[in-house]
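For reference, the structure discussed in these notes is given below.
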Amino acid sequence: MGWLVTPAKFLVNEILSEPAYLIGIITAIGLIAMKKTTGQIIGGAIKATLGFLLIGAGAGLVTNSLAPLGTMIQGVTGAHGVIPTNEAIVGIAQAQFGSRVAWLMILGFVVSLLLARFTPLRYVFLTGHHMLFMATLLTVVLAGAGQSTVVVVAVGGVLLGIMLVAMPAFAHPWTKRVTGNDTVAIGHFGTAGYVVAGVAGKVVGRRSRSTEEMKLPEGLRFLRDSMVATALSMLIIYVVMAVLFLLKTGQKTAFKAFATGTGTAATDTGNYVMQSVMQGLQFGIAVAVILFGVRTILGELVPAFQGIASKVVPGALPALDAPIVFPYAQNAVLIGFLSSFTGGLVSLALLTWVFNPAFGLALVLPGLVPHFFTGGAAGVYGNATGGRRGAAVGAFLNGVLITFLPALLLKVLGAFGQQNTTFGDADFGWLGALIGNAGKAGGGVGLALILLIGLAVLGAAVLVQKRVVDTGWDPGAARDALMPRDAADTGTVAADAPGRSASYPKIAPPAGAPAPPPPPR
């Protein structure tokens, strides 16, 4: 069996789990289908790959800049518990379940392509690392329920394939609202949080203007630059937390905090404060790198994907990682991050005082990285339907979800529930908890219940696609009717523009992207 396992592990670990390679391959296939020249194919594939590497580089900078801040927050609040980190739990699980994860992921991707080809769910999920994360979750939960290796791979592959096409469909009405067209979908397993944020925005933000329309005094107009605003906000947060951490723990402990992210401990108080300033500025750079990478990948992938859509999966849309929506409302990303983190803190307090004593739920500390990426995206979705209030409330609810759902998930992870980390994003939590509890029925009954859950998700997604997405339902249409139609003095589009509120900013489409359809007459 070793000769079968090794190629599968190589394919998953070295290619399919690297979204940059996967995106480059998909782009090349699309350009080949469009009968482009060899030079155009190679150049487009490399540029698309580099775009995703830019996103990864920015994500790494975000992680490094947030690590010391996480240490400070834990030191100031005194909280101890589980910190959800997808990469950490996946790394732990690979040692025991590596081969099963590999085959499950391959089968799941094949199933997703078949579903995209033969069902109304025409989405191709291209976020390779999230495929790996979900494959690992399914393997751990199914194996923990006592299922055999063959059942784990077969049933898990079907469930993974369903999730890869279903989740983009659930979010797509709101994704179209964000982007203003129908050229890209969201392919990230924080989808439950984004849908909740979009719904919350619709409820609370009927007349709330967009986050991108914030009017600032003349002396503060420099804050309209998102990179400057983001860096300055994080700089202030960093310095405040650094001072509180220093006062509570003393110099000896506080000075070591920066060794977490930079490898270099502070040498004196002045150096300590200025390292805090530098980390806040580094965060602003990280966000700028991510946004540039998103624009680069969109400029290559969207045109190339037209070739795949017409030749392999007619009418398909690429489902891409969460930062793909960041350029559409950059102020909302920061508001979303801060609101989601606040939701995480409030939820931690509830876990500490109520749900841990009453139900034995683990204390889930707010992980800054998941709160930034999923909270930022939730802020964009909330803003699209509810402006500033929608961004704040929607992202807050996302923070609640990614705190309570991991706590519920830990109950069904068996020995892996004893680790100091777990899966962090919303969809891992609700799906893992559902199939884990269904599997407790044992044997064939448990397996039947798990398959029924998968079929229910698939059926619901098909229903949403046919009844909601394909009919062109706009979740913000009612709000458009309430907002001013003349937005000439604010630089915003008119209320009758397709998929846009009157307060939503103009966004130039990515280079090479197909133009959005004209508004209905």
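Structural remarks
- Flag for Thr191 being of a type in the set (S, T, N, Q) and at pLDDT below 90: no
- When restricted to residues that are out of contact with any Ser or Thr (no Cβ under 7 Å at 6 or more places or on another chain) and either farther than 18 Å from Leu405 by Cβ or surrounded by fewer than 24 Cβ atoms within 10 Å (Cβ to Cβ) (or both), segment 377-386 contains 4.
- Every residue from segment 60-87 that is under 22 Å from Met163 (Cβ atoms), assigned to a helix (DSSP H, G or I) and open to solvent by less than 40 Å² (accessible area, probe 1.4 Å): Asn86
- Among (1) outside any loop (DSSP other than H, G, I, E, B); (2) open to solvent by less than 20 Å² (accessible area, probe 1.4 Å); (3) modelled with pLDDT of 80 or more, the one test that Pro475 misses: (1)
- One residue stands out among those in segment 461-472 that are open to solvent by less than 90 Å² (accessible area, probe 1.4 Å) and either part of a loop (DSSP other than H, G, I, E, B) or among the β-branched types (Val, Ile, Thr) (or both): the one that is nearest to Pro173 (Cα to Cα), which is Val469.
- The listed residues are Val155, Val184, and the only one of them that is in contact (Cβ under 8 Å) with a residue 24 or more places away in the chain and within 19 Å of Gly454 (Cβ to Cβ) turns out to be Val155.
- Residue within segment 417-428 that is assigned to a helix (DSSP H, G or I) and acidic (Asp, Glu) present: yes
- Put simply, of Ala95, Ala57 the only residue that is under 30 Å from Tyr238 (Cβ atoms), assigned to a helix (DSSP H, G or I) and open to solvent by 30 Å² or more (accessible area, probe 1.4 Å) is Ala57.
- Pair list, Cβ < 8 Å and 6+ apart or interchain, from segment 348-371 residues that are touching a residue at least 40 places away in the same chain (Cβ under 8 Å) to residues that are loosely packed, with under 13 Cβ neighbours inside 10 Å: Leu363/His80; Leu365/His80
- The set of residues from segment 124-161 being open to solvent by less than 10 Å² (accessible area, probe 1.4 Å) and of a type in the set (Ser, Thr, Tyr) comprises Thr127, Thr136, Thr139.
The values are calculated or read from the model by the stated rules, or taken from the named source; none is laboratory data. Every value quoted in this text rests on a predicted model; they were computed, and no experiment measured them. Cβ atoms come from the backbone with ideal geometry, glycine included; neighbour counts cover every protein chain shown. Please note that ligands, DNA and RNA were not included when accessible areas were found on the heavy atoms of the full protein model with its side chains. Shrake-Rupley method; radii C 1.70, N 1.55, O 1.52, S 1.80 Å.
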